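Please read the structure below before turning to the comments.
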Amino acid sequence: MMKLKSCYAGVDVGASRTKVAILDHSKNLIGHAVKKSGTDFTATADTCLAMALKMAGTPKSDIRNTISTGYGRKNVSFARDTKTEIGCHAKGCFLYFPFATTIIDIGGQDNKVIKLDASGKRTGFKMNRKCAAGTGAFLEEMALRLDVSLKEMDGLASQSENMIKLGSFCTVFSATEVLENIRRGKKLPDIVKGVYYSMIKRVLEMDALTEKVVMTGGVVAHNAFMVKMAEEMIGRKILVPEYPQLTGAIGAALYAMQP
Amino acid sequence: MQDNLTYEGVFMTTDKDKVKRVKLKAASKLNQIMADYFYELDAAAKAKEPKIAWCTSVGPAEILRAMGFLVFFPENHGAMLGASRMATDLLPIADAQGYSPEICSYLRADIGAYLSKTTPIAKSYKGIEGVPRPDVLAFNTNQCRDVQDWFTWYAKKLDVPVIGIHTHRGVGKVTQNHIDSIATQLKDLIKPLEYISGNKFDLDKLKQVVALSKECSILWKKVLDTARNVPSPFTFFDGTIHMGPAVVLRGTQQANDFYQLLLNELEERVTNNIAAVPHEQHRIYWDGMPVWGRLRDHSELFSDLNANVLASTYCNSWIFSAFDPDDPFNSMARAYTELFIVRSDDFKETYIKEMLNAFKVDGIIYHDAKCCPNNSNASYGMPQRLERATGVPSITINADLNDLRLISDEQTKTNVEAFIEQLEENQS
């Protein structure tokens, strides 16, 4: 008879992507999945769970508990309880970086700056105001204006030799500035790097940073050059977990593990 | 779900299952005196007597009452427009008149309502068709400069005299110079008010009104102070509704009778250990204006998390401890200058620290109201300074008192839930 494994699921239904993480009882990540959240959060969460279970090679019955988080956290039918994405990102980060940190999470719709003390306790947090500046949505809008895919942007930014600077944080005004730079014949890599610069600047002004800085979120996962730029701007190394986009889902799975 | 418009224009749910805070019995009395207040004003407007004064919420109501005016408060009307969620549709009408979307959304909602010939008063009180027409407009800029612009607009529109008091701002220690200058301005109102009302100023009458206002102030403070108890019998959301008489009927016996009734009920709750929010675990301080169109939502958001928002800068703004009937002008000047909103940040921080201590507060919510910088304290580093000094954590909610277009409910919810989660985890 096959021995049952105990595992714990965390589901992060973000405004842009849904992420599922499955941890075994030793907190090892054994399965995960990411999918566009779409318009039916419940169905997407179900699909993601099936994908993650397949990767983990474990049946659904092995899941001892599930916690959901994120914008659509209330839409996850198989979750026992919900936690906020702030709490889950904090928990997920502390698993990999168990010391005092400032976490910068750049998500599709919002940014978070979370401060943790040496014991992993949250000492404070800030979210972006009701504005897309510095979020994934800002990046998506700029990609649209520049007629490039999101996947291409990181490579383009890294080729820049003479970055342009965007004066405004506002998505609409920035888009106008981008158009202005296109009209002036500025090079695409220079504009993309300028877009990255604007995002980082916006995020860094949200709160004062402590010594150790961690970056997480989907934007970080797919835009490594942005992290490199952020490191240059703050003058020190930034820590990034292996799966930055899964941090919230991993944190939710850790909550699921708690009695 | 069906909503009913009740006292001070606040929508309360009629779905009993949804009521998340214990209802106060005094609320029915509140409904009645607020109805009486509006009907009396309406009757006076129709009969053209007694004369009607429009006044800013923090005075100089006492002088107006002593001169025989009935007093209407446009800021109360602004709050009603917000609470009834009529404001959001009316604001653009004022915006189109040249008022920036960045300025007071009471002013803009009220002017929008006037231009649209609509009011929540008519919707709530059968037979009343509109707001009572003023015979005089009297402002005090202690709330902000916007009230002056607001009243001046009506003065021109309705061809009504406007008079006012220009207050000091950023006041640290209240000095005799401050008192003298405001007291002089208060005395200067007498002559025009005698002319407009046709009544001779009577110092004894003013003393009587100030005595009643003083008593109102004492009772209102006692009401708010019941929230020092653990668990608290009262919430900030109750306070925003029940402060109606302290604003519009201050200086009358009705207000004082009501607050005695409310105080008795709250003291009974304290004796019987009845919590306004069942299972109160977290005690929260609210700085800044309420979000009038989200009172119920916010009340339930907190109570669902076993958190009671039980103390605030806002509700305490109608405590005027300095009133002294034996020295009415100087004491009014002092009371209106000791007000939180006109004080320096140093004073405000000391004040909030004392409140945190007295009310055993676990966390602070700063409402950074987009259109009300005067009544928002999160923009000049105060949350960070206070957190360093007290260790009490805080979050800032970006919203507005009346303009619901400036609110992200989902962000507010996530922020509040994450904050309470943080308090919970750090307590355990």
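The table for this structure:
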quantity	calculated
Flag for B:Asn256 being in contact with a Cys (Cβ under 8 Å, 6 or more places away or on another chain) and free of Cβ contacts under 8 Å to residues at least 60 places away in the same chain	yes
Candidates B:Leu423, B:Leu404, filtered to the one that is touching a Lys or Arg at 6+ places or on another chain (Cβ under 7 Å), surrounded by fewer than 22 Cβ atoms within 10 Å (Cβ to Cβ) and more than 9 Å from chain A (Cβ to nearest Cβ)	B:Leu404
Residue list for the range A:50-81, filter: within 14 Å of chain B (Cβ to nearest Cβ), surrounded by fewer than 23 Cβ atoms within 10 Å (Cβ to Cβ) and closer than 18 Å to A:Asp40 by Cα	A:Tyr71, A:Gly72, A:Lys74, A:Asn75
Residue within the range B:176-196 that is surrounded by fewer than 17 Cβ atoms within 10 Å (Cβ to Cβ), farther than 18 Å from B:Arg65 by Cβ, among the basic types (Lys, Arg) and touching a helix residue (DSSP H, G or I) at 6+ places or on another chain (Cβ under 7 Å) present	no
Top-ranked residue of the range B:50-74 - restricted to ones that are of a type outside the set (A, V, I, L, M, F, W, C) and at pLDDT below 95, ranked as nearest to the chain's Cα centre (by Cα)	B:Ser57
Matching option when the condition is surrounded by fewer than 24 Cβ atoms within 10 Å (Cβ to Cβ) and of a type in the set (A, V, I, L, M, F, W, C), among B:Val223, B:Val270	B:Val270
Residue in the range A:181-195 that is in a helix (DSSP H, G or I), farther than 23 Å from A:Lys228 by Cβ and assigned by TED's automatic domain parsing to the domain that holds A:Val219 present	yes
Unique residue being among the aliphatic types (A, V, I, L, M), farther than 18 Å from B:Ser303 by Cβ and in contact (Cβ under 8 Å) with a residue 12 or more places away in the chain when the list is B:Leu386, B:Leu423	B:Leu386
Any hit, the range B:354-363, residues being assigned to a loop (DSSP other than H, G, I, E, B), more than 18 Å from A:Phe125 (Cβ to Cβ), charged (D, E, K, R) and within 13 Å of chain A (Cβ to nearest Cβ)	no
Failed criterion for A:Leu156 (all others in (1) over 19 Å from the mean Cα position of the chain (by Cα); (2) crowded, with 17+ Cβ neighbours inside 10 Å; (3) in the same structural domain as A:Met215 (by TED's automatic domain parsing); (4) not in a helix (DSSP H, G or I) hold)	(4)
Filtered residues of the range B:273-294 (kept if touching a helix residue (DSSP H, G or I) at 6+ places or on another chain (Cβ under 7 Å) and crowded, with 21+ Cβ neighbours inside 10 Å)	B:Ala276, B:Val277, B:Ile284, B:Tyr285, B:Trp286, B:Asp287, B:Gly288, B:Met289, B:Pro290, B:Val291, B:Trp292, B:Gly293
Condition check for B:Asp110: closer than 21 Å to B:Ile52 by Cβ and in contact with a Lys or Arg (Cβ under 6 Å, 6 or more places away or on another chain)	no
Top-ranked residue in the range A:198-224 [being at pLDDT 95 or above and buried (at least 18 other Cβ atoms within 10 Å of the Cβ); ranked as farthest from the chain's Cα centre (by Cα)]	A:Val213
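Yes or no, residue by residue, for (1) at negative phi; (2) at pLDDT 95 or above; (3) assigned to a helix (DSSP H, G or I); (4) in the same structural domain as A:Asp12 (by TED's automatic domain parsing):
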site: A:Gly38; (1), (2), (3), (4): no, no, no, yes
site: A:Cys48; (1), (2), (3), (4): yes, yes, yes, yes
site: A:Met55; (1), (2), (3), (4): yes, yes, yes, yes
site: A:Arg64; (1), (2), (3), (4): yes, yes, no, yes
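Residues are listed down the side, and each one gets a yes or a no for (1) assigned to a loop (DSSP other than H, G, I, E, B); (2) more than 10 Å from every other protein chain (Cβ to nearest Cβ); (3) free of Cβ contacts under 8 Å to residues at least 60 places away in the same chain; (4) under 15 Å from A:Lys201 (Cα atoms):
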| residue | (1), (2), (3), (4) |
| --- | --- |
| A:Lys91 | no, no, no, no |
| A:Phe94 | no, yes, yes, no |
| A:Lys115 | no, yes, no, no |
| A:Ala118 | yes, yes, yes, no |
| A:Ala133 | yes, yes, no, yes |
| A:Leu139 | no, yes, no, yes |
| A:Met142 | no, yes, yes, no |
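Per-residue answers, yes or no, for (1) modelled with pLDDT of 95 or more; (2) touching a Pro at 6+ places or on another chain (Cβ under 6 Å); (3) away from chain A (no Cβ under 13 Å); (4) in a strand (DSSP E or B):
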residue	(1), (2), (3), (4)
B:Phe347	yes, no, yes, no
B:Ile352	yes, no, yes, no
B:Tyr366	yes, yes, no, yes
B:Ser379	no, no, no, no
B:Arg385	yes, no, yes, no
B:Ile395	yes, no, no, yes
B:Gln411	no, no, no, no
B:Val416	yes, no, no, no
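The values are calculated or read from the model by the stated rules, or taken from the named source; none is laboratory data. These figures come from a predicted structure and were not determined experimentally. Methodologically, a virtual Cβ is constructed for each residue, glycine included, from the backbone with ideal geometry; neighbour enumeration extends over all protein chains shown.
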